[in-house]
Ligand code: KL2
């Protein structure tokens, strides 16, 4: 058994690979202006990016809501998709462009016992044909209690006590959630023998977590919460979508070993799994079709480190290096990563550190012998909303965090109580990951950063990267992967926020498929760098908005057996 530099196990499918030349040429040029801002609306499904976040006064001097006021949105980001305008019929939450869930905690360090509830009517339309749960908290004002929207919810006024699933509530006859494919394939030139494949990211809701957080599912009939009902549904969904790569989160180990793995293997999948550390019974699984890919290496990543207070949580990641079928060229790899970051909305410091550890592993795994990198697909439940600092860090390669309250990193809460500011550095040196999200102890790193270990065609970019690192402020973190999001986080049809998870206390996006975009891809940032091997987004299975979700009785329901929807995309691998 080999050990990876992050002290996690590396499966011995191939011998442990020594540190390859650090590939940093992407970095300098990857501090590109926001992708969507540079793409013509005619060819981009993405909204303009609210890059104004970075231009705002220091974090601790502003309130979240002031930075997201309508005035800001109208003047600074006038064309930013669902951020840009008041959508008729939507109440304040969406008009501000907020996309929030929330929680109640006694202190920043403790896991929230409940997600804080939104004010009644927030994020709802004036149409009364759908029934969202009352997210009003016990702290709600008298006026909000009496608001017309509060009448929409006919359930009990208080959440059920944890551990108990409430009896079914009556709603209008639910409809099935309908999802459309959005096709971008016509935007690309035809290629001979393209390697096209599909990827799914899906948090399948561990039964153990469902039972421990039963108050989140008080809107559900108890029958739909039974694992014996949910598992066949989930399996049917996986089978119907038939993705070539599956990245699953919240996979309970006993269910994985006894049911999921055998079922997926019989469907032609190779399966890898990493359980959360400690006593947590669930983890992340990555499966791929044996006839489409073969496994080069598998790298489980544990974010727990004994003796590092910041790393006392049990979350994990799983990074695979795959070889597409029919390719014998070692340069034709595909790096697939899957993770489920910490939930706690108040602990952005932990979330960022977990992410940095994963990015370091991905950088290491995706590095090819010639110093270049293979394309990366990063899936998972990041417990962070679109355009939050954590999300923006992934997309923009850089986060200036000086003065940022830890409760604002993930954007899950509008007014988080965790107001401790991020300190410099966010994580201690003992983590072994630099502020560039690279392993610290990789031999020859300094030379590589300077570009001397890069091949001539990459040297300019490497030097650019080094210059950028030299100018790095002490209070920023960077990474060298060039990633964009396969989803645009708003619906093309009506501009409303698309959501990936929905239950009694929240309706937000926290799941993503990030990928290395090839030149000419719909999501590719316009930057000066020569293109590396990358991916073209061919199609994605559109998500839905909260209204559509509640028309189907929210999640889980009769047909959709998790509190998340699966994300599903088709890619073309560009050599
Ligand atoms: O939001 V999630 O659900 O991505 O679907 O990730 C976490 C939460 C998951 C693993 O920790 O369990 C859920 N309130 C609401 N949800 C919670 C809480 C909580 N206090 N704790 C865990 N989860």
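Peptides 549-555, 305-311, 428-434, 358-364 ordered by packing proxy, namely the average of other Cβ atoms within 10 Å per residue, highest first: 358-364, 549-555, 428-434, 305-311. Segment 362-394 and segment 209-288 have Cα centres separated by 24 Å.
Give the Rg/Rh ratio for segment 227-268, taking Rg as the radius of gyration of the Cα atoms and Rh as the Kirkwood radius, to two decimals. My calculation of the ratio gives 0.92. Taken over segment 277-336, the percentage of Cα pairs per 5 Å bin, counting from 0 up to the bin with the maximum distance, is 4, 16, 22, 16, 13, 10, 9, 7, 2, 0. Each of 521, 548, 226 has some number of other Cβ atoms within 10 Å of its Cβ, and from fewest to most they run 226, 548, 521.
Each 10 Å bin from zero holds the following percent of Cα-Cα pairs in segment 193-343: 10, 37, 33, 16, 4, 0. Taking Cα pairs under 8 Å and at least six residues apart, what relative contact order does segment 479-575 come out at, in percent? Computed value for segment 479-575: 31 percent relative contact order. For the peptides 267-279, 292-304, 332-344, the ranking by mean Cβ contacts within 10 Å, running from highest to lowest, is 332-344, 292-304, 267-279. For segment 204-289, the convex hull spanned by the alpha carbon atoms encloses 90 Å³ per residue. For segment 268-380, the relative contact order comes to 22 percent (Cα pairs under 8 Å, sequence separation of at least 6). Kirkwood radius, segment 375-426, all distinct C-alpha pairs, inverse of mean reciprocal distance: 11.9 Å.
Compactness of segment 298-432 is given as radius of gyration and Dmax, 16.0, 53 Å, from Cα positions.
Each value in this text was obtained by applying a stated rule to the coordinates, not by laboratory testing. Predicted model only: the values in this text are computed from it and were never measured. Reconstructed Cβ throughout: ideal geometry from the backbone, glycine too, with neighbour counts over all protein chains shown.
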